[in-house]
Amino acid sequence: MSYKPARILTFKCPQCGKSMQVFLQKVSACSHIQPYQGICQCGYFMRHATGQKDAVADYLAAPDGQWTHHH
Ligand SMILES: [Zn+2]
């Protein structure tokens, strides 16, 4: 297996409708979750994650900067 998550993902901003990029965060070295975040030109802050379903839900539900991953 040589799966590597994309470093950058592109989304459509829900606020202004333009495309924006989110960047892979290095907060977690584990394979359960790959968290992304980015800020649109309009100021919209977007978080996204791929990986294990519950880890992703935890990440997206956590207040900014207060997310930690527990095994
Ligand atoms: Zn925007």
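So for the chain, averaging the separation of alpha carbon pairs under 8 Å that are six or more residues apart and normalising by length, what relative contact order in percent results? Before the final figure, lay out the partial values.
On the way: 101 pairs, mean separation 14.5, N = 71.
Normalised by residue count, the contact order of the chain is 20 percent.
Please report, to two decimal places, log10 I(q)/I(0) for the chain at q = 0.24, 0.28 Å⁻¹ as given by the Debye formula with identical point scatterers on the Cα atoms and no solvent.
Results for the chain at q = 0.24, 0.28 Å⁻¹ read -1.11, -1.32.
Would you tally the net charge around D58, using a Cβ to Cβ cut-off of less than 15 Å, leaving D58 out, and scoring K and R as +1, D and E as -1? Display every interim value, and only then the final one.
Values: positive: R47, K53; negative: D54, D64.
Around D58, the charge tally is 0.
Carbon-plus-sulfur fraction of the accessible area of the chain, 1.4 Å probe, in percent?
Values: 2720 of 5250 Å².
Accessible surface attributable to carbon and sulfur in the chain totals 52 percent.
Report the Cys residues of the chain lacking a disulfide-compatible partner, meaning no second Cys Cβ under 4.7 Å from their Cβ.
Here C30 come out as lacking a disulfide-compatible partner, given the Cβ-Cβ threshold of under 4.7 Å.
Using the beta-carbon distance between D54 and S19 and R0 = 25 Å, what value does 1/(1 + (r/R0)^6) give for FRET efficiency, to the nearest 0.05? Numbers along the way, then the final one.
Details: r = 29 Å, r/R0 = 1.17.
Using R0 = 25 Å, I get an efficiency of 0.30.
The values are calculated or read from the model by the stated rules, or taken from the named source; none is laboratory data. Bear in mind that the values here come from a model prediction, so they are computed numbers and not experimental data. Heads up, the Cβs are rebuilt from the backbone with ideal geometry, glycines too, and the neighbour counts pull from every protein chain shown. Accessible surface areas use protein heavy atoms only, side chains included; no ligands, DNA or RNA. Shrake-Rupley method; radii C 1.70, N 1.55, O 1.52, S 1.80 Å.
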